[in-house]
1. So, ILE200, is that one of a type in the set (Val, Ile, Thr) and farther than 30 Å from GLY423 by Cα or not?
2. Only residues that are open to solvent by 10 Å² or more (accessible area, probe 1.4 Å) and assigned to a loop (DSSP other than H, G, I, E, B): list them for region 368-387, please.
3. Out of ILE68, ILE45, ILE49, ILE76, which single residue is in contact with a Leu (Cβ under 6 Å, 6 or more places away or on another chain), open to solvent by less than 20 Å² (accessible area, probe 1.4 Å), modelled with pLDDT of 80 or more and in a loop (DSSP other than H, G, I, E, B)?
4. What about GLY294, is it part of a helix (DSSP H, G or I) and either farther than 30 Å from TRP427 by Cα or open to solvent by less than 30 Å² (accessible area, probe 1.4 Å) (or both)?
5. Give me a count of the residues in region 139-158 that are open to solvent by 30 Å² or more (accessible area, probe 1.4 Å) and part of a helix (DSSP H, G or I).
6. Please find, among PHE97, PHE106, the residue that is closer than 30 Å to ALA442 by Cβ, part of a strand (DSSP E or B), open to solvent by 10 Å² or more (accessible area, probe 1.4 Å) and modelled with pLDDT of 95 or more.
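The values are calculated or read from the model by the stated rules, or taken from the named source; none is laboratory data. What you see is a predicted model, and the numbers here were worked out from it, not measured in a lab. Cβ placement follows ideal geometry from the backbone for every residue including glycine, while neighbour counts extend to all protein chains displayed. The area values use the complete protein model at the heavy-atom level, side chains included, leaving out ligands, DNA and RNA. Shrake-Rupley method; radii C 1.70, N 1.55, O 1.52, S 1.80 Å.
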Amino acid sequence: MKHCYLSVLSLMLLLAAACKKETSPADAPQPGAKEALAEEPVTPIGQAIPLPPGGRHANARAANIPVIMVHGFGGISPGDMMDQYRYWGGWDNIPKFLTESGYPAFAAKVGPLSSNWDRAVELYYYIKGGEVDYGKFHSSKAGHTQLKGRYYPGIYPEWDADHPVHLLGHSMGGLTVRKLVTLLEQGDAQERQDPGHAAIFNGDKTGWVKSVTTISTPHNGATLAYILEDGYIPFVRRLITSAAALAGIIPGVDKIYDFSLEQWGLEQEPGESWLAYAQRVEQSGIWQTDDYSGHDVTPEAALERRAAEPDSKNVYYFSISTKASLRGLITGWEYPRLDMFPLVIPIAYPVPLLMGLGNYTRNSGNVVIDAKWWPNDGAANVYGMSGPEGSILKEYDATQPLEKGVWNHIGIYSGYDHFDVIGIGYWQSVRPFYTNIAQLLATVE
């Protein structure tokens with residue numbers, strides 16, 4: 001049943017049906033029905049982020065460094081939804097607003113269901129320009145084509161060490177930007193064995209990224225992956241099938257969403273209906289590999305990243321956490337707030353035996369899931385949002401000099417679920433939130 005709810009949620013996001021949340025659905029468990037909950041004030045969405053000394057007057061060069069905004073799993077890319085509804089802002093357009101406010105920003109396009117490697121490679125080409133090349137060895141192991149068959153002109157073709165960027169990712173987008181930094185600075189030794197390897201694998205691009213900012217990112221993995229467990233692949237399949245079917249209800253539109261899976265031979269063919277396209281997706285070999293998003297958000301995958309993707313000593317790191325749960329005073333379980341996105345409440349709600357995000361436990365030997373994982377935003381655990389375990393993490397302090405290679409946790413934004421903070425399903429404007437982030441990044445030199 002939980003899988004069904006998530007499919008409907010994704011469907012609603014694709015249709016841009018998100019609206020102001022007032023109460024939980026009548027048939028959903030009511031938070032706090034069986035025990036009293038701890039009180040927790042809501043963080044103002046426009047709460048100011050203190051700037052470093054002298055930061056209120058950023059120099060022109062720092063202020064002109066573009067912010068590249070990277071969506072998470074299932075995200076809406078530029079051009080999707082007939083460009084009427086967006087990942088960053090919903091009906092609003094946050095990158096456009098920031099640019100017009102003097103902070104150049106771009107929404108990036110990466111595969112919404114693809115693996116972190118594939119997304120990071122695509123992000124490189126989307127920024128710099130060129131034909132997407134995933135690398136000979138990676139592609140052979142994954143079982144897809146090396147070339148995507150898609151050429152990007154580049155949203156910032158001058159990108160190099162003299163023209164760096166800020167990378168900002170929400171949810172899985174935060175994992176993607178971390179992977180890109182690793183590829184830029186270290187490249188990939190195995191791919192370099194191929195004489196014709198792409199430049200992204202050289203490992204000679206230190207200084208191309210000024211800062212990394214992650215929002216609601218499950219750096220340590222997400223227990224949601226366990227809860228979905230065997231239902232994850234059917235869930236993704238239903239997402240694709242549902243989106244395909246819905247495309248047919250809009251007159252004159254046969255494609256409202258780009259799944260960007262050409263490397264798997266899953267490009268919609270000319271004249272092919274979306275329902276036929278969805279059937280091909282369901283039969284694809286992608287579901288038989290670990291080279292897709294579901295694997296990369298597991299806590300086990302996070303352990304692998306810890307060694308393979310160390311923090312760069314050349315990059316400034318910032319993180320923001322979101323929390324939409326309240327602690328039960330008796331059990332210590334975390335219950336969803338009444339204003340959490342209604343369709344994720346059944347996923348987050350703690351139930352004996354079945355378990356939701358708010359009380360999930362597990363000991364697989366490699367990863368122990370205990371009470372510290374219970375606070376959540378309806379989709380991701382608060383634990384890990386401040387930065388990867390094993391990294392240098394500290395609470396952001398504007399009075400102290402920033403250090404490269406150190407994660408500066410701006411704070412927990414209490415009262416916001418996973419989608420509120422990007423402006424989906426949230427009744428207030430998130431412009432102040434992103435303006436504050438942009439102002440902070442404009443001080444980073």
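1. Here the answer is yes, as ILE200 does meet what is asked.
2. Within region 368-387, ASP370, TRP374, PRO375, ALA379, VAL382, TYR383, SER386 meet the criteria.
3. Among ILE68, ILE45, ILE49, ILE76, only ILE49 is in contact with a Leu (Cβ under 6 Å, 6 or more places away or on another chain), open to solvent by less than 20 Å² (accessible area, probe 1.4 Å), modelled with pLDDT of 80 or more and in a loop (DSSP other than H, G, I, E, B).
4. Considered against the rule, which asks whether it is part of a helix (DSSP H, G or I) and either farther than 30 Å from TRP427 by Cα or open to solvent by less than 30 Å² (accessible area, probe 1.4 Å) (or both), GLY294 comes out as yes.
5. Count: 2.
6. Going through PHE97, PHE106 in turn, just one is closer than 30 Å to ALA442 by Cβ, part of a strand (DSSP E or B), open to solvent by 10 Å² or more (accessible area, probe 1.4 Å) and modelled with pLDDT of 95 or more: PHE106.
Yes/no matrix, rows are residues, columns are (1) assigned to a loop (DSSP other than H, G, I, E, B); (2) of a type outside the set (A, V, I, L, M); (3) open to solvent by less than 10 Å² (accessible area, probe 1.4 Å); (4) in contact with a helix residue (DSSP H, G or I) (Cβ under 8 Å, 6 or more places away or on another chain):
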| residue | (1), (2), (3), (4) |
| --- | --- |
| PRO352 | yes, yes, no, no |
| GLY358 | yes, yes, yes, yes |
| GLY365 | yes, yes, no, no |
| ASN408 | no, yes, yes, no |
| ILE412 | no, no, no, no |
| ILE424 | yes, no, yes, yes |
| TRP427 | yes, yes, no, no |
| ALA438 | no, no, yes, yes |
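Results for (1) hydroxyl-bearing (Ser, Thr, Tyr); (2) touching a Phe, Trp or Tyr at 6+ places or on another chain (Cβ under 6 Å), shown as yes or no for each residue.
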| residue | (1), (2) |
| --- | --- |
| ILE286 | no, yes |
| THR289 | yes, no |
| PRO299 | no, no |
| ALA302 | no, no |
| ARG306 | no, no |
| ASP311 | no, no |
| ARG327 | no, no |
| THR331 | yes, no |
